[in-house]
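The values are calculated or read from the model by the stated rules, or taken from the named source; none is laboratory data. Note that the coordinates shown come from a computational prediction; the quantities given were computed from them, not determined experimentally. Every residue, glycine among them, receives a Cβ derived from its backbone with ideal geometry; neighbour counts consider all protein chains shown.
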2 protein chains.
Amino acid sequence: MRRNLNVERIKLSDIGEEKVIETIFSIIDKETRRITLPYGDDAVAIKLPRKMNLVINVEMLVGKTDIPPGMSNVQIGKKVVTMCISDLAAKGAKPIGFLTSIGLRRDMNVRDLKEIYEGINIAARKYGVKVLGGDTNETDDIIIDGIALGIAKKVIPRSGAKIGDIVATTGFFGNTAAGLKILLESLPVEEELKRRILKDVYEPRAYIKEGCLLAKKGLVNAAIDSSDGLAISLHEIAKMSNVGIEINNLPITEEAKKFAEKTNIDPFDLVFYGGEEYILILTISKENWEKALNEVRKVKGKLIKIGRVIDERGKIMYKHEKEERIIEKKGWQHFTT
Amino acid sequence: MRRNLNVERIKLSDIGEEKVIETIFSIIDKETRRITLPYGDDAVAIKLPRKMNLVINVEMLVGKTDIPPGMSNVQIGKKVVTMCISDLAAKGAKPIGFLTSIGLRRDMNVRDLKEIYEGINIAARKYGVKVLGGDTNETDDIIIDGIALGIAKKVIPRSGAKIGDIVATTGFFGNTAAGLKILLESLPVEEELKRRILKDVYEPRAYIKEGCLLAKKGLVNAAIDSSDGLAISLHEIAKMSNVGIEINNLPITEEAKKFAEKTNIDPFDLVFYGGEEYILILTISKENWEKALNEVRKVKGKLIKIGRVIDERGKIMYKHEKEERIIEKKGWQHFTT
């Protein structure tokens with residue numbers, strides 16, 4: 001039997017996360033009857049009786065890659081819940097339960113374990129959900145797999161963006177990228193600015209109220225969370241909806257703006273090529289825009305108009321006054337970055 | 001502020017898995033309204049509309065502790081699915097979906113990844129379920145968190161055993177313990193016997209048909225799977241049902257019997273203190289016993305009568321002719337063993 005040795009020796013680091021996922025999807029039998037979101041959307045959705053959908057999202061937090069230096073145990077716990085709930089928010093699903101499958105080092109202190117679960121419990125409470133159970137294992141690095149369960153009458157797909165839709169976000173970007181630069185590259189920044197930037201790195205939040213309310217009122221055509229970065233998320237929505245997106249307004253935090261000025265880093269990079277921000281990106285028809293704004297204000301949230309859906313498939317652009325730039329599909333990818 | 005340093009320095013390896021789980025449960029807010037199985041049962045069950053229950057089970061496979069030497073990639077994939085489906089079987093839930101949250105080494109071959117998912121897909125197909133999605137991460141050791149979803153009109157709890165019930169299993173025990181001894185202690189055993197024993201280590205199966213059918217017909221009072229070993233499983237059923245259990249018949253495989261004879265190892269240890277066998281342990285009233293036997297035969301399964309539920313709370317005994325032995329609550333525990 002002849003064997004193609006080259007093919008067999010290809011490593012995951014040679015192909016990157018996107019191709020790893022494609023490889024997995026190429027092997028498994030696909031479910032077609034039961035699911036109401038396509039493969040590759042933010043979460044899995046299954047039909048339930050009475051026209052309800054069960055929405056499930058799984059996220060694995062890995063010590064080595066997902067815990068920035070200086071994050072406390074309580075913050076680690078909170079982050080796992082936020083990571084999972086954020087995708088339910090993007091799909092407009094109301095959380096009904098949370099599970100954890102956890103891998104711990106045998107030399108971990110009981111106190112650290114307690115603090116992590118205190119964090120999990122605080123965040124779960126904030127998002128109106130309870131920990132129902134899970135699994136416990138021994139590992140060499142801390143691994144927390146969070147499983148969030150939610151229900152929704154109608155789930156918002158990534159694929160529903162319509163030409164002419166307004167593209168909006170529920171928050172401003174840039175602090176996570178700036179914060180990781182501060183932590184990992186030790187950039188000199190004044191204490192107060194550093195504190196405010198790092199707060200978003202250590203205590204990200206999910207926009208569950210905004211997501212659920214807008215979905216319930218049927219005001220959103222497409223949605224995604226921005227955990228992979230704003231650029232990748234815009235590309236995903238565009239790809240799955242067969243459209244293009246033009247951004248005219250850079251949704252940058254005041255802190256990231258100041259940080260960019262002081263460090264001479266391009267604010268464009270901080271906003272588009274970060275990640276782990278858990279802000280929702282939504283496309284909303286012009287007719288629904290005012291209604292959506294009003295609804296979101298009721299839960300003390302905001303909607304920032306950043307651009308519009310255009311008729312040029314796959315084109316993701318930033319245009320502002322005379323500036324025109326391509327927004328590349330880049331950001332964090334496991335195995336290669 | 002005074003601090004109790006001793007308490008803070010206690011490690012997970014000092015307290016073991018059972019106490020780790022207790023610690024977690026002591027911190028989290030408990031759900032009381034939505035769930036239909038108590039905390040600590042094999043799986044989580046949530047009320048759905050139309051008197052249905054959603055049953056969720058999560059199991060983390062960790063390379064270091066859960067992959068015996070010589071297990072192939074395809075077998076690793078199959079094992080994850082079996083681990084998860086087995087608890088649905090114990091609760092009588094019909095599988096409706098499977099998710100994986102996977103941590104992979106960046107230097108892993110693409111071919112290995114493919115083989116693992118081929119295994120996952122083969123097992124999923126066998127149990128009538130499809131992979132719906134999941135998460136992908138980079139880790140130093142292989143981690144596969146499997147999430148099985150099922151539905152059931154009525155879930156079988158661990159806590160339903162009634163005094164006088166017959167205690168039965170869906171298979172024979174001993175091959176896993178014998179197999180691990182062969183692999184880890186390199187015991188000399190003839191090839192054919194070794195092959196038959198290792199087959200159960202490398203290719204465990206879940207008893208989903210038996211579990212679902214018996215639950216649907218309402219013939220079982222309590223059930224648990226034996227992934228933690230027969231002894232621990234009997235103790236769990238007894239504890240949660242406030243009863244005792246007397247075993248009169250040692251459910252040992254022919255292979256384990258031969259192995260015990262040749263190696264002079266106590267067959268009692270092989271049967272009770274193994275683990276990862278995924279055989280169901282059920283308690284069934286005398287009135288339902290014949291019916292249960294007939295039903296199980298329809299799906300080509302079996303029920304082995306091994307003992308009965310007794311009125312002495314917490315007493316777990318083996319009695320056969322003149323032999324009388326205590327079955328201790330021991331087996332595999334993370335962090336300490």
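For beta carbons closer than 8 Å, sequence separation of 6+ or different chains, a first residue in region B:60-77 that is assigned to a helix (DSSP H, G or I) and a second that is hydroxyl-bearing (Ser, Thr, Tyr), the qualifying pairs are B:64/A:139; B:75/B:202; B:77/B:117. Restricted to region B:180-205, and to residues there that are of a type in the set (Asp, Glu) and not in a helix (DSSP H, G or I), the residue that is surrounded by the fewest Cβ atoms within 10 Å (Cβ to Cβ) is B:190. Test residue A:59 against the stated conditions and say whether it is facing chain B (nearest Cβ under 8 Å), in contact with a helix residue (DSSP H, G or I) (Cβ under 7 Å, 6 or more places away or on another chain) and modelled with pLDDT under 95. In short, no.
Across region A:126-142, the qualifying residues are those that are part of a loop (DSSP other than H, G, I, E, B) and facing another protein chain (nearest Cβ under 7 Å), and the one among them that is farthest from residue A:85 (Cα to Cα) is A:140.
Quick check on residue A:82: is it of a type in the set (Ser, Thr, Tyr) and within 12 Å of chain B (Cβ to nearest Cβ)?
Numbers: of a type in the set (Ser, Thr, Tyr): yes; within 12 Å of chain B (Cβ to nearest Cβ): no.
It is false that residue A:82 is of a type in the set (Ser, Thr, Tyr) and within 12 Å of chain B (Cβ to nearest Cβ).
Looking only at residues of region A:10-28 that are under 20 Å from residue B:129 (Cβ atoms) and more than 7 Å from chain B (Cβ to nearest Cβ), we find that the one that is farthest from the chain's Cα centre (by Cα) is A:26.
Taking the conditions (1) at the interface with another protein chain (Cβ under 7 Å from one of its Cβ atoms); (2) touching a helix residue (DSSP H, G or I) at 6+ places or on another chain (Cβ under 8 Å); (3) β-branched (Val, Ile, Thr) in turn, residue A:65 satisfies each one other than (2). When B:148, B:123 are checked against the criterion of being more than 9 Å from chain A (Cβ to nearest Cβ) and part of a strand (DSSP E or B), B:148 stands alone in meeting it. Would you mind stating whether residue B:113 is part of a helix (DSSP H, G or I) and within 7 Å of another protein chain (Cβ to nearest Cβ)? Here the answer is yes, as residue B:113 does meet what is asked. If you check A:106, A:158 for being more than 21 Å from the chain's Cα centre (by Cα) and either within 7 Å of chain B (Cβ to nearest Cβ) or farther than 28 Å from residue B:105 by Cα (or both), only one passes: A:106. Would you check if there is a residue in region A:50-62 being of a type in the set (D, E, K, R) and either over 19 Å from the mean Cα position of the chain (by Cα) or surrounded by fewer than 20 Cβ atoms within 10 Å (Cβ to Cβ) (or both)? Yes, region A:50-62 contains at least one residue that is of a type in the set (D, E, K, R) and either over 19 Å from the mean Cα position of the chain (by Cα) or surrounded by fewer than 20 Cβ atoms within 10 Å (Cβ to Cβ) (or both). When region B:92-103 is filtered for residues that are of a type outside the set (A, V, I, L, M), at the interface with chain A (Cβ under 8 Å from one of its Cβ atoms) and in contact with a Leu (Cβ under 8 Å, 6 or more places away or on another chain), only B:97 remains. Within region B:24-38, can you find the residues that are closer than 13 Å to residue A:136 by Cβ and surrounded by fewer than 16 Cβ atoms within 10 Å (Cβ to Cβ)? B:25 - this is the single residue of region B:24-38 that is closer than 13 Å to residue A:136 by Cβ and surrounded by fewer than 16 Cβ atoms within 10 Å (Cβ to Cβ).
Residue B:142 satisfies every condition listed in (1) over 16 Å from the mean Cα position of the chain (by Cα); (2) crowded, with 21+ Cβ neighbours inside 10 Å; (3) closer than 30 Å to residue B:35 by Cβ; (4) outside the structural domain of residue B:278 (by TED's automatic domain parsing) except (3).
For region B:158-179, enumerate the residues that are among the hydroxyl-bearing types (Ser, Thr, Tyr) and not in a helix (DSSP H, G or I).
Filtering region B:158-179 for residues among the hydroxyl-bearing types (Ser, Thr, Tyr) gives B:159, B:169-170, B:176.
Selection gives B:169, B:170.
Within region B:89-104, one or more residues are closer than 23 Å to residue B:48 by Cβ and part of a loop (DSSP other than H, G, I, E, B).
Among the listed residues B:328, B:295, B:321, identify the single one that is surrounded by fewer than 17 Cβ atoms within 10 Å (Cβ to Cβ) and modelled with pLDDT of 95 or more.
Values: B:295 fails: surrounded by fewer than 17 Cβ atoms within 10 Å (Cβ to Cβ); B:321 fails: modelled with pLDDT of 95 or more.
Selected residue: B:328, the only one of B:328, B:295, B:321 that is surrounded by fewer than 17 Cβ atoms within 10 Å (Cβ to Cβ) and modelled with pLDDT of 95 or more.
Can you find a residue in region B:320-332 that is touching a Pro at 6+ places or on another chain (Cβ under 8 Å), more than 14 Å from chain A (Cβ to nearest Cβ) and either of a type outside the set (Asp, Glu) or in contact (Cβ under 8 Å) with a residue 60 or more places away in the chain (or both)? I'd like the intermediate steps shown before the answer.
Going residue by residue through region B:320-332, those that are touching a Pro at 6+ places or on another chain (Cβ under 8 Å) are none.
No: region B:320-332 contains no residue that is touching a Pro at 6+ places or on another chain (Cβ under 8 Å), more than 14 Å from chain A (Cβ to nearest Cβ) and either of a type outside the set (Asp, Glu) or in contact (Cβ under 8 Å) with a residue 60 or more places away in the chain (or both).
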